Amino acid sequence: MKPKVLVTRQLLPEVHVFLDRFLEVETGVTGRDLPHAELLQKVKEKAGLLSLLVDDVDQEVMEAAPGLKIVANCAVGYNNIDITYARRKGILVTNTPGVLTETTADLTWALILAVARRIPEAERFTREGKFSGWELDLMLGQEITEKCLGIIGMGRIGKAVALRAQAFRMNTLYFDHHRLSPEEEKHYAAAYAPFLQILSQADILTLHTTLTEETQRLIGRKELEAMKTSAVLVNVSRGPVVDENALAEALEKGIIWGAGLDVYEREPAIESRLLDLGNVVLLPHIGSASYDTRLKMAMTAAHNLVAGLTGKTPPNLV
Ligand code: GLV
């Protein structure tokens, strides 16, 4: 008998073909959110769960499935899973590191350039028929080349962002609890600096931390006030790393120049004041959203799930 698993949402067809070979799969829902109560109901008899980052895999979910052996998250982040409880119960938890690094770094740069050069605003302006000819001071943005890039969180994605910054000959500073070796610092052309120094020096500040108690609201009113008034803040990590209310205020008052967000504090809800501002670019959590990468993520999660239920060690245990 194949082990029973719940895949919370319909994935790409290739992934289901693979899963069906080894497991008895129930697919939670297609094209809509799976409410927590429904998740509790559906997970009951299952030995495995393939979750997305929007699924709250808390203690209650794991208690609802006494036979649960593995939660395979289809994301590199796993702040949606109660890891402490899973560990206590011996439930394996896996993620999908590596496969989305380059795609997310690309999106980070798309967002940096979009904010600094006011691309969405300029595009709206053009479409609305407002372009009446070249003007010296039309849609002036911020320069990127040879400016200071601050990276908070120098993991895989932070490093990939630093590599791309070399094309812009930027002065890259990074902060992370783990300091890189001198060879790595040279390779990434990035210098270690204290957090507060980076806040005050960065022209572009980009966040690549995991979400932990320590990084919750890492960027709040005080930190925004420490930044340059010409600075751009970009967040493609997790929404709660930034105090969204304080950010809206900073953008309204010109405390910083602009921001680009791919993630939100109470996702998918967005602080309504941000929606009215022209100096913020808002994306719907698409950091890793290329067809190739999303397929690799789902396949990685599927391989982890199958390994965990067929007596093998899943490759991406967290
Ligand atoms: C995306 O946000 C991920 O964690 O994979």
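The values are calculated or read from the model by the stated rules, or taken from the named source; none is laboratory data. Nothing here was measured: the structure is a model prediction, and the numbers come from that model. Methodologically, a virtual Cβ is constructed for each residue, glycine included, from the backbone with ideal geometry; neighbour enumeration extends over all protein chains shown. Just the protein is used for accessible areas: all its heavy atoms, side chains included, with ligands, DNA and RNA removed. Shrake-Rupley method; radii C 1.70, N 1.55, O 1.52, S 1.80 Å.
Comparing Cα centroids, region 260-288 and region 150-189 end up 25 angstrom apart. Working from the Cα coordinates of region 136-261, the gyration tensor eigenvalues give, after taking √(5λ), semi-axes of 23, 19, 11 Å in decreasing order. Would you mind telling me which residue in L138, L92, L68 has the biggest mean-square fluctuation in a Gaussian network model of the chain, where springs connect alpha carbons within a distance under 10 angstrom? Top of the fluctuation ranking is L138. V54 sits among other residues whose Cβ lies under 9 Å from its own Cβ, and their net charge, with Lys and Arg +1 and Asp and Glu -1, is -3.
How would the chain be classified by its alpha-carbon gyration tensor: rounded, prolate or oblate, with rounded meaning a/c under 1.5 and the a/b versus b/c comparison settling the rest? Taking the square roots of the gyration eigenvalues as a ≥ b ≥ c, the chain is prolate.
The H on the amide N of Y174, modeled in the peptide plane, is under 5 Å from the matching H of I151, A191, Y192, A193, each at least 5 residues off or on a different chain.
Computing FRET efficiency as 1/(1 + (r/R0)^6) for A167 and E214, where r is the C-beta to C-beta distance and R0 is 25 Å, gives about 0.20.
Considering only alpha-carbon pairs that sit under 8 angstrom and 6 or more positions apart, the relative contact order computed for the chain is 18 percent. Within the accessible surface of region 10-69, defined with a 1.4 Å probe on protein heavy atoms only, the carbon and sulfur portion equals 52 percent. In the context of the full set of protein chains, region 101-282 has a per residue accessible area of 49 Å² (1.4 Å probe). To the nearest 0.05, what FRET efficiency results for L136 and L196 with a Förster distance of 25 Å applied to their C-beta separation? Once rounded, the FRET efficiency stands at 0.10. The accessible surface of region 101-282, taken with every protein chain in place and a 1.4 Å probe, is 52 percent carbon and sulfur.
A Gaussian network model of the chain, with springs between Cα atoms under 10 Å, assigns the largest mean-square fluctuation among T126, T210, T293 to T126. Taking the DSSP beta bridges with both ends in region 101-282, the antiparallel portion is around 5 percent. Neighbours of K147 by Cβ distance under 12 Å: Lys/Arg scored +1, Asp/Glu scored -1, total -1. Between E184 and E38, full extension at 0.36 nm per residue minus the direct alpha carbon distance yields a gain of 47.9 nm. Which of L12, L274, L207 moves the most in a Gaussian network model of the chain with Cα springs under 10 Å? Evaluated over the chain, the most mobile residue of the options is L12. Using the Cβ-Cβ distance between E143 and M1 with R0 = 45 Å, the FRET efficiency computed as 1/(1 + (r/R0)^6) comes to roughly 0.10. Close amide H partners of L92, meaning residues 5 or more places away or on another chain with modelled amide H under 5 Å apart, are I70, V71.
The helix-only estimate of mean residue ellipticity at 222 nm for the chain, built from DSSP H runs of length n ≥ 4 each weighted as -39500 (n - 2.57), is -10500 deg cm²/dmol after division by the residue total. Would you grab the residues whose amide H sits under 5 Å from the one on V281? Only those 5+ places off in sequence or on another chain, please, with H modelled 1.01 Å from N. Result for V281 returns A259, G260, L261.
The DSSP beta bridges internal to the chain are antiparallel in roughly 5% of cases.
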